[in-house]
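Chemist: The structure's right below; bear with me while I get my questions together.
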Amino acid sequence: MVESPRRPRVLLVDPYVAREDPMERKFVELYPSLGLLTLGAYLRDQGIDVRLVDLTFARDTRAVGAALASFRPDVLGVHTKTLTAERSLEIARLARGAGTAAVAGGPDAATRPETYLAGGFDLVVPGEGEPTLAEIARRARDGAHLLGIPGTIHRGPTGLARGAARPFLRDLDELPLPAWELVDMERYLASWERSTGERRAAVLTSRGCPFDCSWCSKPTFGRTFRQQSPARVLRELRELKDRYRVDYVRFCDDVFGISRPWLETLLRGMISERLDLRFECLARVDLLKPDLLETMRRAGLARVYVGVESGSQKMLDLMNRGTKLHQIERTAEALRRAGVRQFWFLMLGYPGETLDDLEATFQLFRRFSPEEYSVSIAVPVPGTRFHEKVKARLTGAARRGRGEGGRSLLYEAAYPERLYRWEQTRFGLEAALGRARDRLSPKVVDRLGRAADRFHHRVATPLLAGGTTRRRPSSPR
Ligand code: B12
Ligand code: SF4
C-alpha cells in the first residue's frame, strides 16, 4: 500500500510591529494583512496546513521562533514592506537556524529581491503569491529542489535567476474569503471599538490599478486591473457582519469603484440587502461622480480618501496624475454638500515644484478645508519613474531604504528640507484655524490667518528657502 504524503506546512509571518512604526499613532490604521489572509485561505483550500504569526501587537520576533519549533513548517513565508525590511531579514535568519526554507513576498521584496536573497531568503515571489507558494510548499515537503519555480526569483551563479513568469489568476471570484481565523480578529476589532465605537474591518474588491502616477510603486500587480464580482463582495461583507459583528468597512482598493456599472450594482446590493454598514474608500476625483454620491451615502459612505496631491495643474501633469484641478474642486464641493468626511492626500517637494506651486496647493487646501489630511514630502520609492528621475540625487537615508514616513526629504530637491517641514507646519496651523472657526469669531480667525500669511511670506520663506526666493505679497484669505 502506498502511503499518502503528509500535508505540507506553511508558516506565514507579518513582520509589521505597530509600536515601531513612527506613523502608526498618527495615520496608520490597524488591519490584518489581506494579502496574507488570502494566501492563507488559498493554501488551506489546497490541502496545506497554515499558521500565521502576526507581529502587529508584538514587541519582538519571539513568536516566530516558537512557531518554527512547534509547527515545524516546510516553508516560512514573510510579507515584506520597506519599513519592515530589517525585521524580515531577522526572521529569515531564524528560519535558516531552524533549517526551514524562507520565502519573501510583498512589495519590498518584489522591488529589491537582491536585498532579501543576500539577507538569507531562499526565494522571492515578486508577484501574486497564491499558486506559487502552494507549489513551493509541496516541493519543500517532498524535499525537491526549489529553484526555477515559475513566479520565483533565486540567487544564480551570476546574479538573480528567475523562474518563468506565472500568469495572474484570471478570475478573482475563485479566491476563497480571507482566512480571518488565522489572526486575532477580536483584538483588531476591539481596538477599533475602543477608539471609534465601531468594529472596523478591511476589504479588498480588486487587484491592481490601470493608472500610471509617476511616484506610485506597483511592483506586484503593475498596471493590471481585475475585480471581484459585486456578488462576491456582498458575500464577504455579509460574512464579516454575521461572523464578526463588523459595522464599518474600509475598502482598501488602490482606487475604489473604477467601473461605474460595477459600483452601481454593488451599492444597490448593499442597500437592498440592508447590510447597514458604514464604509470608507479611496477615490480618484475624475471617477467619483457627484450624481452617484447620494446612492453612495445611502449605501453607508462615511469618509472618502481623496488623492488631491497638488493644487497646481502643472504639478499634477508632471506627476502624470491624470486629474484636473476643476475635478478636484467639483469633487470636494460635492462631498462637502453631501456631508461626507474628506481625507486629502497632499504631496510636497515633487521635482519641478516652485514656491508658486506650493502656494497654489496651500490655497486649495485653505479654500476647501478638508476635515482630515496628510501632507507628506514626496518619497522616491525604488522602481518608480520619480525614483529613476532623482536617483543621482538621493540622500544617504534614501539609499539605505529609510525615510518611509514622508517627513524627510530623500533627495536634493529645489529647496532644503526645512522649507518643506515648515510648509507642513503651515498646513497644520491652517487646519487648526479652520477648527477654531467654531469657537472664535470669524474676524479673529481671519486676523490670525493674515498674520500667519505675513510671517510665511516675509520671514519663513526667505529664511528657509535658501536665498532662492523673492518676497511675495500676503495672499487674500
Ligand atoms: C490597503 C493598504 C494598506 C492598508 C492595509 C490593509 C491590510 N492590512 O491589508 C493600511 C492603510 C493599513 C496600510 C498601511 C501601511 N501601508 Co499600505 N498599502 C495598501 C495597499 C493600497 C493595498 C495592499 C493590499 O492589500 N494589496 C492586495 C494584496 C492582495 O496584495 P499584497 O498584500 O501585495 O499580497 C500579494 C502579493 O504581494 C503576494 N505576497 C504578499 N506577501 C507575501 C508573502 C509571501 C511569502 C509570498 C509568497 C507572497 C506574498 O501575494 C499576495 C496575494 O497575491 C498597498 C498598495 C498595493 N496595491 O499593494 C499599499 C502599500 C502596500 N502600503 C505601503 C505602506 C508603505 C504602508 C505603511 C508602511 C504606511 C506607513 N506606516 O507609513 C503601513 C504599514 C502597515 C502594515 N500593517 O504593514 C506601501 C509599501 C511600499 C513598500 N515598498 O514598502 C504600498 C505598496 C503603497 C505604496 N505604493 O507605497 N496599507
Ligand atoms: S497613485 Fe493611485 S491612481 Fe495613481 S497609479 Fe498609484 S494606485 Fe493608481
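No value in this document is a laboratory result; all are computed from the given coordinates. These figures come from a predicted structure and were not determined experimentally. Positions of Cβ are backbone-derived with ideal geometry, glycine not excepted, and every protein chain shown enters the neighbour counts.
Chemist: Just subtract the alpha-carbon distance of Glu174 and Phe455 from 0.36 nm times their residue separation and send over the number in nm, one decimal.
Modeler: Stretched fully, the Glu174-Phe455 segment lengthens by 95.3 nm.
Chemist: Helix 260-272: angle to the longest alpha-carbon principal axis of the chain, degrees 0 to 90, nearest 10?
Modeler: Value to nearest ten degrees: 80.
Chemist: Here's something else I'd like to know. On C-alpha positions alone, give me the angle between the axis of helix 62-71 and the longest principal axis of the chain, in degrees, nearest 10.
Modeler: 30
Chemist: Express the Stokes-Einstein translational diffusion coefficient of the stretch 4-89 in µm² s⁻¹, to the nearest whole number, given a Kirkwood radius over alpha-carbon pairs, 25 °C and a viscosity of 0.890 mPa s.
Modeler: 178
Chemist: Something else about it: Describe numerically, in nm with one decimal, the distance between label points set 7 Å from Cα along Cα→Cβ at Ser195 and at Asp276.
Modeler: Simple spin-label model gives 2.6 nm for this pair.
Chemist: Sticking with this one: So in the chain, what percent of DSSP beta bridges are antiparallel if you round to the nearest 5?
Modeler: DSSP beta bridges in the chain are roughly 20 percent antiparallel.
Chemist: Could you tell me the relative contact order of the chain? Use alpha-carbon pairs under 8 Å, at least six residues apart, and round to a whole percent.
Modeler: 10
Chemist: Expressed in nm², what is the orientationally averaged projection area of the convex hull enclosing the Cα positions of the stretch 172-439?
Modeler: Taking the Cα atoms of the stretch 172-439, their convex hull projects to 15.4 nm² on average.
Chemist: Assigning unit charges at the beta carbon (Lys, Arg +1; Asp, Glu -1) and nothing else, what dipole magnitude in debye, to the nearest 20, does the stretch 172-439 show about its Cα centre?
Modeler: The calculation lands at about 180 debye.
Chemist: Using a simple charge model, +1 on the beta-carbon of Lys and Arg, -1 on the beta-carbon of Asp and Glu, nothing else, what dipole does the stretch 69-142 show about its Cα centre, in debye to the nearest 20?
Modeler: Using only the charged Cβ atoms, the result is roughly 220 debye.
Chemist: Which one, Val308, Pro219, Thr56, is farthest towards the positive end of the dipole of the chain when Lys and Arg carry +1 and Asp and Glu -1 on their Cβ?
Modeler: After comparing all options, I get Val308.
Chemist: In addition: So how far, in whole Å, is the C-alpha centre of the stretch 312-340 from the one of the stretch 236-298?
Modeler: Each part's Cα centre sits 21 Å from the other's.
Chemist: Helix 130-141 sits at what angle to the longest principal axis of the chain, using alpha carbons and giving 0 to 90 degrees rounded to 10?
Modeler: Helix 130-141 and the main axis of the chain meet at about 30 degrees.
Chemist: Okay, which of the stretch 428-442 sit inside 19 Å, backbone N to the point 7 Å along the Cα-Cβ direction of Glu372?
Modeler: Counting only backbone N, you get 428-436.
Chemist: How large is the Kirkwood hydrodynamic radius of the chain, in angstrom, based on all distinct alpha carbon pairs?
Modeler: Here the Kirkwood hydrodynamic radius works out to 24.3 Å.
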